[in-house]
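Chemist: For reference, the structure I am asking about is given below.
The values are calculated or read from the model by the stated rules, or taken from the named source; none is laboratory data. Since this is a predicted model, take the numbers as computed values, not measurements. All Cβ positions, glycine included, derive from the backbone under ideal geometry; neighbour counts span all protein chains shown. Side chains are part of the model used for accessible areas, which takes the heavy atoms of the whole protein and leaves out ligands, DNA and RNA. Shrake-Rupley method; radii C 1.70, N 1.55, O 1.52, S 1.80 Å.
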Amino acid sequence: MSFTMSGMRVRNQSGAINILLIPVIVVTIFFIGALSFAAWAYQGRQDYKNNSDQKVDAAVVVAKQLEGTVKDKEFAEKEKSPLKGYNGPSAYGSLSIQYPKSWSAYVSDDTNSDPYVNGYFSPGVVPTVTNEKAVFALRVQVVQQSYSDVLADFQSTVEEGKATVSPYKLPKVPSVVGSRVEGQVEENKTGSMILLPMRDKTLKIWTNAVQYRSDLDTYILPNVTFSP
């Protein structure tokens, strides 16, 4: 819209003013954002400055804890050597078991009844053997059952997908082929079990706790011997 006053043409300026407001608003928003970031950065710097000692101390504590854990594991491994030995009666295959010297053992092998050899091995002190909830680093038995019958006991467990069975031979008794069971080796207990025919009996070597599986493979199985 326009009109004439004193010989001059005057125009409505509102459109131009609205266009000029846009960059002003953008600059204002950017300025406010920059101030907020600067305040946040300053607060973070002040926090680090005021609490740097505490943060360093906390980091040192964590590092020492990690270092201590590593050293404890290394010490525990060193303490396992040299191995100790159990040698069973000749009537039951002259079974020989080597186990870490930091472990304790309780073995019954003179009752002339099934199981003919019944061994419990554990780091430190052997738990109460009658406690059904106890876990052991190593269990060893020579039982009256034939190898096929003992293996058949795991059929339902395998069918239910709770365990797997594969062929196995001891490194020092390669002439005897048995089986290795992985998974549920006892009711409500998971581990690894080796089953081997021993004449008319069966040799069972196992752990009923997964944390001892590496010990079974590293120290126990490579050193087991018996007379087939």
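Chemist: Please state which of the following conditions residue 129 fails to meet, knowing it meets all the rest: (1) open to solvent by 20 Å² or more (accessible area, probe 1.4 Å); (2) part of a strand (DSSP E or B).
Modeler: Looking at each condition in turn, residue 129 falls short on (2).
Chemist: Taking the options 181, 185, 177, name whichever one is in contact with a Pro (Cβ under 7 Å, 6 or more places away or on another chain), β-branched (Val, Ile, Thr) and assigned to a strand (DSSP E or B).
Modeler: 177
Chemist: Would you mention how many residues in the range 159-168 are surrounded by 10 or more Cβ atoms within 10 Å (Cβ to Cβ) and farther than 15 Å from residue 193 by Cβ?
Modeler: Counting residues in the range 159-168 that are surrounded by 10 or more Cβ atoms within 10 Å (Cβ to Cβ) and farther than 15 Å from residue 193 by Cβ gives 1.
Chemist: Give all pairs with beta carbons closer than 8 Å in which a residue from the range 195-212 that is on the phi > 0 side of the Ramachandran plot meets a residue that is modelled with pLDDT under 95; count only pairs at least 6 apart in sequence or on separate chains.
Modeler: Partner pairs satisfying both residue conditions: 199/228.
Chemist: Separate question: Name the single residue, out of those in the range 143-158 being outside any helix (DSSP H, G or I) and of a type outside the set (D, E, K, R), that is surrounded by the fewest Cβ atoms within 10 Å (Cβ to Cβ).
Modeler: 144
Chemist: Next question, about the same structure. Considering only residues that are within 16 Å of residue 205 (Cβ to Cβ) and among the charged types (D, E, K, R), which ones fall in the range 154-191?
Modeler: 169, 172, 180, 182, 186, 189
Chemist: Scan the range 219-226 and give yes if some residue there is out of contact with any Phe, Trp or Tyr (no Cβ under 6 Å at 6 or more places or on another chain), β-branched (Val, Ile, Thr), in a strand (DSSP E or B) and open to solvent by 10 Å² or more (accessible area, probe 1.4 Å), otherwise no.
Modeler: yes
Chemist: Shifting gears a bit: Please go through the range 196-208 and give me each residue that is over 21 Å from residue 90 (Cβ atoms) and either at pLDDT below 95 or surrounded by 22 or more Cβ atoms within 10 Å (Cβ to Cβ) (or both), ordered by number.
Modeler: 206, 207 - these are the residues of the range 196-208 that are over 21 Å from residue 90 (Cβ atoms) and either at pLDDT below 95 or surrounded by 22 or more Cβ atoms within 10 Å (Cβ to Cβ) (or both).
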